[in-house]
Structure formats: structure tokens, C-alpha cells
1. Output the strands (runs of 3 or more DSSP E) that fall wholly within the stretch 1-69 and possess 2 or more residues being closer than 22 Å to Ala109 by Cβ, among the acidic types (Asp, Glu) and touching a strand residue (DSSP E or B) at 6+ places or on another chain (Cβ under 8 Å), or say none.
2. Could you tell me whether the stretch 345-357 includes any residue that is open to solvent by 40 Å² or more (accessible area, probe 1.4 Å), assigned by TED's automatic domain parsing to the domain that holds Ile244 and within 12 Å of the ligand (Cβ to nearest atom)?
3. Residue by residue through the stretch 382-397, note down the ones that are part of a strand (DSSP E or B) and of a type in the set (A, V, I, L, M, F, W, C).
4. Given the conditions (1) within 16 Å of the ligand (Cβ to nearest atom); (2) in contact with a strand residue (DSSP E or B) (Cβ under 8 Å, 6 or more places away or on another chain); (3) more than 22 Å from Val355 (Cα to Cα), report the number of the one that Arg236 does not fulfil.
5. Could you please find all residues in the stretch 54-70 being touching a residue at least 24 places away in the same chain (Cβ under 8 Å) and within 16 Å of Ser95 (Cα to Cα)?
6. Look through the stretch 294-324, keep the residues that are assigned to a strand (DSSP E or B) and open to solvent by 10 Å² or more (accessible area, probe 1.4 Å), and return whichever of them is nearest to Tyr402 (Cα to Cα).
7. Restricting attention to the stretch 247-262, which residues are open to solvent by 30 Å² or more (accessible area, probe 1.4 Å) and more than 24 Å from Tyr302 (Cβ to Cβ)?
Amino acid sequence: MQYFEIVGGSRLKGSIDISGAKNAALPIMAASILVEGETVLRNVPDLADVRQMQVLLGKLGVKSERDESGAMHLRVEDEMNCHAEYEIVSKMRASVCVMGPLFAKRRRAQVSMPGGCAIGDRPINMHVRGLEALGADSDLVNGDVLLKAKKIKGADIFLGGPFGSSVTATANVVMGATLAEGRTVIESAACEPEIVDLANFLNACGARIVGQGTPQITIDGVESLKGTEHSVIPDRIEAGTFMIAAAITNGDLELAGARIEHMRAIVDRLRHIGVIVERSEKGVTVASSRRLEAVEITTQPYPGFPTDLQAQAMALLCLADGNSVITEKIFPDRFLHVAELNRMGAQLRKEGPTVIVQGVKRLIGAPVMASDLRASAALVLAGLIAKGTTRINRIYHIDRGYEKIEEKLSGAGANIKRLSE
Ligand code: EPZ
């Protein structure tokens, strides 16, 4: 079993290249189910989740391979199998993104219900409701959602839920509507940059989508879509994670390729904490003064503060002067990192969907356990500044969403090693 060993105290300096966005690459890979001919995707990150999506697509008749430049070539070779099985979906929630394309192109989709995970329940009722509005007959068979349709007709669809919009439900309904007869208008759509990137990819394939990036997206169905070349946007969550790494180590980092326009809520909070964040010609520079101010953070759908950076921000605020308040409005149970950070000397108190962060002078290295992908990244950040050595177990969680994180951090001066026992 691999683990990270981190000796805290190094200030991060220099430049880190930001990889392509996992949460854009995964739905766009799934969208290759919709197109005739070859799709070529550039800037697809080399992650466990991406490899998992390739396995799933392979089972669904989509061949995918990377060429020597790293570009991923995808092509539909067989449309028989439409079943995304439990053992893949239970490992990677993003598998659900094949539901819309299978339904739209093959008029049939059988996708396992994802079940719960480290950050809480992962229902897909909004996905099903949206595709039913397009004409799907749905059924639940042995834990799988089965969707079928003779005809797919455009519709007006409200996609709001108890926690606001849904990113992958929006992706599924947009993909589901691309080949429908007539117009679909989605109200309360997710506005994430990853949805914009997916829509831009689909339009390059011949789809007719407008409004992406706003709560109202309109899709006029077309006959067919043709494969195209597309470069995936940079990963704003990876970039935000490394911005916090610079801040927590009182460092001075350039994040090459980061797009500050995708990160306004993060930049706003970091500046209130006292971190200097500036646009540079290669991306974004982050420098930190010794003193960190306590702030209030509430996670919201984009453009609000992303839930995927909540744990990382909490690690930083453990060292701020005074008490910070962090409220999680998207996944109210997404606090597995609290107990682990407390093992490192943090003073965190959970009150329902809120955590009170009482600033401390220092964190102390300790053996800790990774859980969800982003909570694990938060433990890496804490280890970078903690006094002594931190050992992080179960780092396969991190490999799902961060490309070579220990190489990127070591390259900027961190003392972090990947070891096996
Ligand atoms: C996407 O997950 C991301 N994953 C998540 O990133 C991210 O945390 C999340 O959006 C929120 O930004 C991908 O894009 C692959 P949601 P998704 O549907 O689409 C509830 C990471 O670390 N909901 O926007 O699954 C849901 O329970 C991952 O990269 C329903 O109630 O999230 C949650 O409370 C983790 N019914 C809220 O909506 C539904 O049918 C938002 O979930 C769907 C969702």
C-alpha cells in the first residue's frame, strides 16, 4: 500500500503547471458516445478516474487510446452494450455521465445507482427527472436505472434541487437533448466552467447549444454529431489547491495555465485572508504574508465558493488569527478531514453543516488517513506546514484527481515522497 511521507516547513517557490480539468474531461469523454467518427481530446489529465472512464467506455463499445503526444483518440466501434455496471459506477460517480449520451444516441441506458460515498449520498433523481422530460421511460432493475425511449423530444426542464443545481445532471440533460427533436430549455442549469467546456465541445461536433455558463441553457436538437478535436480547460480545483499550498507555506508560486476568471470566489476569500493573488501572463501568481486573517466561507454552486476546495481552505484557516466559520451547503457531510486535521493539532468543532475553525499557532505532523479526494488534498497541505513528519495513508484517493501531485509539489520545494510499505 502506497503512502505519502511529508516533512513540513519548506516554503513553496517557483512554478507549477496546471493539468486539464478532471470534471471537464470526464463528461466530454462520455460525450464521445454521441458522435460519428473520431474525437481527439488534448490536455486530458493522466488520472485514475480518467483511466476508469476509458475502461467503462471500452465496455460500452468506445475505443480510446493516447498517442505519443498524450492526446486521447476516441471512436465508437460498437453500440450493443448500454450497461454501466455497479462495480465501475460504485468506484467513480462520474460514470453516471454516460447516461445522457447512451440515452440520446442508443435510445437505451442502464446505469447502476451510484450509492453513497465519502462525501455523502449521491442521488441521481435529478438526472432521471431531466431525461424523463425528454421522453425516457425509466425503471429500477436490480439497483440499475433503466431508461428507454422510442422518440426523444425537446422539452422545458427545471433542474433545480434541494442543494441548488447539479453539475453532472446538467451535463446529462444537455447531452441527452443534443439529438432530440426540437428545442430543450433547461432552467436552473449548473453554470460551472466544466459545463461550458462540454457545451463548447458539443457545439464543435455540430450541436446547437446556447446559454452555457448561465442558469438557462437552450439546446436545439440536430440529426447527428461529428467527432472533432478539443482541448480541455485547465483544472480550477487543482489550481485552487496549489494556491492554498503557496499560502499555507508562506511561499511564492506561479500556477501556469490557471485561469483566474474561473476562480473568482476562491481569489476573493484568499485575498480576504491576506494572500496576494495576481494574474500573470502564464496564469496566476500567489504570495502570502506571514499573518493569515480568519474569514467566513460558505460553499455554493458556481460561481460561489466550490465545495471541492472546502477541505483545503479549512487546512489553511487552521493557522489563521482568530475563529473562521466554514459552512458546507452542497454536501453537508463533507467533513471527514475534520477529525484528521484535529489529530494534527487543529482546533475544529463541527456544528451540523458548519465547522468553527479556531486558529492555532502550528500543526504537528502525524499519521493520518485520506478519505475523499479533496479531503486527502487538505491533509497534504496541512503536512506541508506541520512541524515534523506527516504520513498520509490510502493515497489512491488523491491519485483519482491529482496528476503527479508529489512531483509537482517537490518541484516547488516541498519535502514529500511517495513510499510503499
Ligand atoms: C460534481 O459532482 C463534481 N464531479 C464534484 O466533484 C463536485 O463536488 C460537485 O459537482 C459539486 O460541485 C464531477 O463533475 C465529475 P452535483 P456531482 O450533482 O455532479 C445533490 C471532485 O472532487 N443532487 O452538482 O455529482 C447532490 O447530492 C468531485 O472532483 C441531488 O440531490 O454533484 C449534492 O448535494 C466530488 N440529486 C448537490 O445536489 C441529483 O440527482 C450537488 O451535486 C444530483 C445531485
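1. Answer list for the stretch 1-69: none.
2. Yes - at least one qualifying residue is present in the stretch 345-357.
3. Across the stretch 382-397, the qualifying residue is only Ile392.
4. (2)
5. Across the stretch 54-70, the qualifying residues are Gln54, Val55, Leu56, Leu57, Lys59, Leu60, Val62, Ser64.
6. Checking each candidate, the answer is Phe305.
7. Asp252, Glu254
One line per residue, one yes/no per condition, for (1) open to solvent by 30 Å² or more (accessible area, probe 1.4 Å); (2) within 19 Å of Asn23 (Cα to Cα); (3) touching a His at 6+ places or on another chain (Cβ under 7 Å):
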residue	(1), (2), (3)
Glu181	yes, no, no
Pro193	no, yes, yes
Ser231	yes, yes, no
Phe242	no, yes, no
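The values are calculated or read from the model by the stated rules, or taken from the named source; none is laboratory data. Here the structure is a predicted model, which means the values were calculated and not measured. Reconstructed Cβ throughout: ideal geometry from the backbone, glycine too, with neighbour counts over all protein chains shown. Surface areas here come from the heavy atoms of the whole protein model, side chains and all, with no ligands, DNA or RNA. Shrake-Rupley method; radii C 1.70, N 1.55, O 1.52, S 1.80 Å.
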